[in-house]
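Asks: Here you go, one structure.
The values are calculated or read from the model by the stated rules, or taken from the named source; none is laboratory data. Because the structure is predicted, anything quoted here is derived from the model rather than measured. Reconstructed Cβ throughout: ideal geometry from the backbone, glycine too, with neighbour counts over all protein chains shown. Please note that ligands, DNA and RNA were not included when accessible areas were found on the heavy atoms of the full protein model with its side chains. Shrake-Rupley method; radii C 1.70, N 1.55, O 1.52, S 1.80 Å.
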Amino acid sequence: MVQTKYGKVEGQQMCGYTVYKGIPYAKPPVGALRWKAPQEPDCWEGVYEAKTFGNMAPQTLPEEGHPIMGRFKKEFYSDEAFIPKMSEDCLYLNIWAPDQTGEKLPVAFWIHGGGFGGGYGSEMEFDGEAYCSRGVILVTINYRVGIFGFLAHPWLTAESRQGISGNYGILDQIAALNWVWENIEAFGGDPENITVFGQSAGSMSTQVLVSSPLTKGRIAKAILQSGLNCELGFAYTPTLAEEEQIGEMFVESVAAKSLEELRSLSVEQIMEGKGKLDAKTWEMGKGIVVVPNVDGYVLTDTVDEVYQKGTMHRIPYMAGCVTDDLGTKPEELADGDPGDILKECRAWCIRQEEAGNPQAFAYHFARRLPGDEWGAFHSAELWYTFGTLHRSWRPMEEQDDKISRNMLDCWTGFMKTGNPNGVKEAGWKPCTRADAFVKVFC
């Protein structure tokens with residue numbers, strides 16, 4: 001039983017730790033709160049039974065046969081037991097906390113990926129048992145994705161006190177981070193030692209958070225996995241005006257004549273309109289366009305401008321990628337070289353040195369997963385960084401267990417001290433201009 005700011009919470013006792021599932025960190029963003037910044041949750045009476053994972057945000061789940069997302073259906077969405085209900089009422093977080101020892105423990109705050117259009121915090125590859133066994137609390141979150149999380153439009157900008165719109169998914173992440181900062185001590189955690197980490201769009205979100213003035217003092221360390229923009233455009237951050245133009249195209253696709261009419265649409269109507277928008281933007285040669293924007297509030301500069309200026313939070317960083325990652329060319333893949341994304345990770349680390357920030361560490365996950373020819377594909381490392389190899393359909397080997405233990409030791413060592421070597425020397429040197437060292441996991 002844990003007393004939070006909003007009421008008592010009871011989780012599920014496991015062997016050596018307790019998991020708290022589906023704790024609300026904001027009011028449900030439904031009705032009049034659709035496309036508004038997250039609102040502080042109401043207090044509750046009695047005990048909140050945190051034993052069921054919360055709803056995932058509305059999204060289109062991967063399907064077999066899809067040319068891009070088909071592989072992820074088999075990889076991460078094959079077990080119905082790990083797929084929660086889908087609803088706009090989705091602002092929940094989960095906590096895995098070791099049995100309390102009296103000392104404040106470091107906190108790992110995970111942001112899932114999904115191209116800003118999908119994903120959720122209780123996917124089958126995520127779990128906190130391995131973190132708890134290493135003395136780290138794990139928090140995973142759900143946040144609004146797709147058109148529900150990133151719609152910008154002049155109507156929404158006009159009604160906002162800050163004169164902004166479109167960054168609701170990022171504001172959800174910040175609200176969850178603030179909730180953790182305010183309440184995690186009751187679970188045995190140290191609010192002054194929170195490591196934000198994420199993969200793909202979760203990594204891009206992490207870069208947004210460490211580039212935002214709204215999270216100052218909340219993030220002690222950060223890990224960026226397979227999603228980072230320094231100079232090559234992997235994390236597109238348009239202006240508010242540019243994103244409003246995309247929003248106007250969406251409103252046209254659903255034929256709404258007013259904001260009230262837009263908010264009255266059903267989830268199904270909105271998802272249908274998003275499908276029409278996607279088809280139109282793909283015809284225009286654009287990729288993922290419903291994304292975080294530079295609104296002057298959440299972001300005052302693009303993430304690459306923050307990189308260039310060296311004004312990201314002055315904290316320790318890890319940044320890395322997998323072999324078959326974003327932007328990897330066929331000839332690079334044949335040579336086992338991730339290409340531009342690894343260059344971006346190195347550049348990020350070296351920029352920390354030039355800006356006088358704490359040391360930064362780079363990595364490359366090169367393990368070709370057993371079972372098929374996908375190799376070290378985008379997201380492959382998640383089984384390893386969460387210690388959930390046993391949930392995978394793949395015929396994992398002792399080598400895979402060894403890599404996973406090594407990565408978990410490095411990740412949690414970094415979360416504790418800012419150095420992934422931890423108590424055991426892992427041979428992982430900082431990535432600097434003089435020695436752009438990259439730790440390879442294979």
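Asks: Is the shape of region 42-121 best called rounded, prolate or oblate, per the rule: a/c under 1.5 gives rounded, else a/b larger than b/c gives prolate, else oblate, with a ≥ b ≥ c the square roots of the Cα gyration tensor eigenvalues?
Replies: Details: a/c = 2.50, a/b = 1.75, b/c = 1.43.
Judged from the Cα gyration tensor, region 42-121 comes out prolate (a/c at least 1.5, a/b above b/c).
Asks: Work out from phi, with θ = phi - 60° and the Karplus expression 6.51 cos²θ - 1.76 cosθ + 1.60, the ³J(HN,Hα) of each residue of region 144-157, listed in order in whole Hz, and give x for Gly and Pro.
Replies: Per residue, the Karplus-derived 3J(HN,Hα) values read 5, 10, x, 5, 6, x, 9, 6, 10, 6, x, 4, 6, 4 Hz.
Asks: Here is a follow-up. Rounded to the nearest 5, what is the percent of antiparallel bridges among the DSSP beta bridges in region 299-442?
Replies: 10
Asks: Now, a different point. In what order, largest first, do HIS378, HIS112, HIS66 sit by accessible area if the probe radius is 1.4 Å?
Replies: Values: HIS378 35, HIS112 0, HIS66 90 Å².
Accessible-area ranking of HIS378, HIS112, HIS66, largest first: HIS66, HIS378, HIS112.
Asks: Once you have a ≥ b ≥ c as the square roots of the Cα gyration tensor eigenvalues for region 235-339, tell me rounded if a/c is under 1.5, and otherwise prolate or oblate according to whether a/b is larger than b/c. Intermediate values should be presented prior to the final figure.
Replies: Numbers: a/c = 2.83, a/b = 1.53, b/c = 1.85.
It comes out oblate by the Cα gyration axes.
Asks: Grab the DSSP H runs of the chain that are 4 residues or longer, score each as -39,500 (n - 2.57), total them, divide by all residues and round the 222 nm result to the nearest 500 deg cm²/dmol.
Replies: Numbers: 14 runs with 137 residues, N = 442.
Rounded to the nearest 500, it is -9000 deg cm²/dmol.
Asks: Another one. Given an 8 Å cut-off on Cα distances and at least 6 residues of separation, report the relative contact order of region 284-371 as a percent.
Replies: 30
Asks: Please state the relative contact order of the chain as a whole percent: Cα pairs under 8 Å, 6+ residues apart?
Replies: Working: 965 pairs, mean separation 60.8, N = 442.
Computed over the chain, the figure is 14 percent.
Asks: When you have a sec, figure out the Kirkwood radius of region 351-392 from all distinct Cα pair distances and drop it here in Å to one decimal?
Replies: On the way: mean 1/r = 0.0789 Å⁻¹.
That comes to 12.7 Å for region 351-392.
Asks: Taking the alpha-carbon centroid of each part, what is the distance from region 306-350 to region 139-175 in angstrom?
Replies: Comparing the Cα centres of region 306-350 and region 139-175, I get a distance of 27 Å.
Asks: Let me ask something else. Want the number for GLN308 to GLU252: 0.36 nm per residue separation, take away the alpha-carbon distance, what's left? Please list the in-between numbers first.
Replies: Details: separation 56, 0.36 × 56 = 20.16 nm, distance 3.69 nm.
Extra length available between GLN308 and GLU252 comes to 16.5 nm.
Asks: Further question: When ligands, DNA and RNA are left out and all protein chains stay put, how many square angstrom of accessible area per residue does region 191-258 have with a 1.4 Å probe? All intermediate terms of the calculation are to be shown ahead of the outcome.
Replies: Working: 2090 Å² over 68 residues.
Spelled out: the 1.4 Å probe surface of region 191-258, per residue, equals 31 Å².
Asks: Now, a different point. Can you give the % of DSSP beta bridges in the chain that are antiparallel, to the nearest 5?
Replies: DSSP beta bridges in the chain are roughly 30 percent antiparallel.
Asks: Next question, about the same structure. If you put +1 on each Lys and Arg Cβ and -1 on each Asp and Glu Cβ, how big is the dipole of the chain around its Cα centre, in Debye rounded to 20?
Replies: On the way: 41 positive and 60 negative charges, 161 e Å.
In total the dipole reaches around 780 debye.
Asks: Would you list, by chain and number, the lysines whose Cα falls below 17 Å from the Cα of LYS402, excluding same-chain residues fewer than 8 positions away?
Replies: Correct list for LYS402: LYS424, LYS439.
Asks: Still on this structure, I have one more. Give me the three principal axis extents of the chain from the C-alpha atoms, as integers in angstrom, largest value leading.
Replies: Its Cα atoms span 62, 57, 45 Å along the three principal axes.
Asks: Taking every DSSP beta bridge with both residues inside region 18-168, roughly what % is antiparallel (nearest 5)?
Replies: 60
Asks: What order do TYR236, TYR297 take when sorted by accessible area (1.4 Å probe), most exposed first?
Replies: Values: TYR236 115, TYR297 80 Å².
Result, largest first: TYR236, TYR297.
Asks: Using modelled amide H (1.01 Å from N, peptide plane; none on Pro or chain starts), what sits under 5 Å from the amide H of ILE111, excluding residues fewer than 5 places away?
Replies: PHE197, GLY198, GLN199
Asks: Excluding ligands and nucleic acids, what accessible area in Å² is computed for SER165 using a 1.4 Å probe, to the nearest 10?
Replies: 0
Asks: Which shape class applies to region 28-79: rounded if a/c is under 1.5, otherwise prolate when a/b exceeds b/c and oblate if not, where a ≥ b ≥ c are the square roots of the Cα gyration tensor eigenvalues?
Replies: Note, shape of region 28-79 comes out oblate.
Asks: With every protein chain left in place, what is the accessible area of ARG34 in Å² (1.4 Å probe, nearest 10)?
Replies: 10
Asks: Can I ask one more? Please name whichever of GLY188, PRO154, LEU326 sits farthest to the positive end of the charge dipole of the chain, dipole taken about the Cα centre and charges placed at Cβ: Lys and Arg +1, Asp and Glu -1.
Replies: In the chain, that residue is GLY188.
Asks: If you don't mind, there's one more thing I want to ask. At a 4.7 angstrom Cβ threshold, list every cysteine in the chain that has nobody to pair with, or say none.
Replies: Cysteines lacking a close Cβ partner in the chain: CYS15, CYS43, CYS90, CYS132, CYS230, CYS321, CYS345, CYS410, CYS442.
Asks: Peptides 25-32, 169-176: what's the order by average Cβ count within 10 Å, highest mean first?
Replies: Top of the packing list down: 169-176, 25-32.
Asks: Separate question: For TYR363, which sequence-distant residues (separation of 5 or more, or a different chain) have an amide H within less than 5 Å of its own amide H, given hydrogens modelled in the peptide plane?
Replies: For TYR363, whose amide H was placed from the backbone, the distant partners under 5 Å are ALA319, GLY320, CYS321, LYS439.
Asks: Run the reach check for LYS27 against aspartates and glutamates, Cα to Cα strictly under 12 Å, same-chain hits fewer than 8 apart removed. What comes back?
Replies: GLU40, ASP42, GLU88, ASP89, ASP172
Asks: Can you list the residues, at least 5 places off or on another chain, whose amide H is less than 5 Å from the amide H of GLY118, using H built in the peptide plane?
Replies: Long-range HN contacts for GLY118: GLY146.
Asks: Could you calculate the contour length gain from GLU398 to GLU331, that is, 0.36 nm times the residue separation minus the distance between their Cα atoms, to one decimal place in nm?
Replies: Contour length minus the Cα-Cα distance gives 21.1 nm.
Asks: OK, next. Kindly report, to the nearest 10 Å², the accessible surface of PHE72 as traced by a 1.4 Å probe over protein heavy atoms only.
Replies: 30
Asks: Still on this structure, I have one more. Quick one: compute the contact order of region 293-442, relative version, from alpha carbon pairs under 8 angstrom and 6+ residues apart, as a percent.
Replies: Averaging sequence separation for qualifying contacts and normalising by length gives 23 percent for region 293-442.
Asks: Additional query: Please calculate how many Å² of accessible area region 331-410 carries per residue, with a 1.4 Å probe and no DNA, RNA or ligand atoms counted.
Replies: Result: 39 Å² per residue.
Asks: Still on this structure, please answer the following. Summarise the accessible area of the chain (1.4 Å probe, protein heavy atoms) by the percent that is carbon and sulfur.
Replies: 50
Asks: Which ³J(HN,Hα) values, rounded to whole Hz and listed in residue order, are derived for region 180-197 from phi using the Karplus coefficients 6.51, -1.76 and 1.60 in 6.51 cos²θ - 1.76 cosθ + 1.60 with θ = phi - 60°, glycine and proline given as x?
Replies: Values, residue by residue: 5, 4, 7, 10, 5, 4, 5, 9, x, x, 9, x, 8, 9, 9, 9, 8, 9 Hz.
Asks: A follow-up question, please. Using each residue's phi in region 262-275, evaluate 6.51 cos²θ - 1.76 cosθ + 1.60 at θ = phi - 60° and report the 3J(HN,Hα) Karplus result to the nearest Hz, with x for Gly and Pro.
Replies: 4, 6, 7, 5, 6, 4, 5, 5, 5, 5, 5, x, 5, x
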